[in-house]
Each structure stands twice: as C-alpha cells, then as structure tokens.
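Asker: Before I ask anything, here is the structure I am working with.
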Amino acid sequence: MKPRSRVIARTMAWPRVVRCLCLCAAVALATAAQGAPATGSGKFFCCTDASGKQVCGDTLPRECYGRAYRELGQSGQTVREVDAPLTAEQRAQRVAEEEQRKEEEARQKEQQRQDQALLNTYANVGDIEAMRKRALDDVDKSIKAAEARIAEIRVQRKKFENEAEFYRKKTLPPEVKKGLLDTEYAIRAQQSIIEAKRKEIGAIQAKYDEDRARFLDLQRRRGVR
C-alpha cells in the first residue's frame, strides 16, 4: 500500500476506535457507580460481606450466601433485590403475623355477614322492639306454665303427704314413698325451668340492646335517619 493510502485508512479508522473507547468507558463508569465489575455474562451479583465490604461476581459469591444481595444488569443498574433468608425467629414471627391477618379477615367477614343479616331482619327500630317483646312474652308464658305445673304437682303431693301422716309411726307403703319422691323431683324440675327462663330474660334484653345499637350505627353510616 502506498504511504498516502495508509494515511487515509488510518484516518478513516480512527473515529471507530474513539467510539469503542468511549463506549467501554461509559460501561466502566456505570459499573463503578454500582460498585461491581462489568462482565461478559450480562449480569452479576453484589452483596455486603460480614466485614462490611461489597463483594461482586458474575455468579453469586460465596460471601453472599445467607445474605441479602443485588442482581445487576450489564449496564450496572440493579434489576432485582433478594432479601436475606429469614431466621427461625423471623419465620415464626411471619407465621404468627399471617395467622393474625387471616383471623382478622375472618372476623371482618363474619361481622359483615352479621350486619347484613341484621339489616335483612329489621326494617326499623320498631321491628327490634316488637321482636324483643315477643321473645319476652314467650319466656313469661313458659314461666307461668311451669308455675302452674308446680301448683298441680303440689296438689298431688298433698295427697301423699296426708297418707304419710297416717303412717307416721309405721313403715310407709312403697307407693306412698314413691309418690312423695316423684312429686318432689317433679317440683324441682319445674323450678329449674323457671330459674333458667328468668336468666334467659337478661340474655334477651342484652341481645336486643346490642341489635338496636348495631342497627342504629349501621343506619348512621348509611346516612339513614
């Protein structure tokens, strides 16, 4: 090649060399900004080791095992961050938090179900009070029925008591003894019913008080007066 031709070839090739050098420098600068070397694999991994030093490699360095690390692309930009594995205590805490979250979700769903049922049951506060009265009336009827039954049993028992009086100093006939025991147990049974029904009155009052308060609260939230 003639000297003039070689000069021209070198002159034409020079811009391509400059462009390559600039591109390499740009990649190196971007990589340095992330604290990791450029590699030909297209990605690399960096973490902070036990001594606080940043360690990088085109595969996950051994110093990064069990630690949080970053995955970087060829440009040096972070494309993914991986947290460190959880300790046993952290895993237990995570499980407890998840269980608590599920329980709270279940509680909220159940409350929503109950609220909807309440709105479907009552059209207004008057309906609540009408159902309260009906429930209390049913209890009152049960109490009166038990009291009437006790009165009937006592009449029967009186007959056995009169016969027992006749046998005061003698052995009671089996049927008299059985009659006294049976009527005593029957009276006690009815008294237990009355006691349970009187306790039920308090439960009914509490239930309808709660329904009324919740119903009014739901109406207020919906803007209904």
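The values are calculated or read from the model by the stated rules, or taken from the named source; none is laboratory data. Keep in mind the model is a prediction, meaning the values are calculated, not measured. A quick note on method: Cβ atoms are made from the backbone with ideal geometry, for glycine too, and the neighbour counts reach across all protein chains shown.
Asker: Output the residues belonging to segment 140-156 that are surrounded by fewer than 12 Cβ atoms within 10 Å (Cβ to Cβ) and among the aliphatic types (A, V, I, L, M).
Answerer: Ala148, Ala151, Val155
Asker: Within segment 5-96, which strands (runs of 3 or more DSSP E) (wholly inside it) include 1 or more residues that are modelled with pLDDT of 85 or more, surrounded by 15 or more Cβ atoms within 10 Å (Cβ to Cβ) and not polar (S, T, N, Q)?
Answerer: Output list reads 43-48, 54-57, 69-73.
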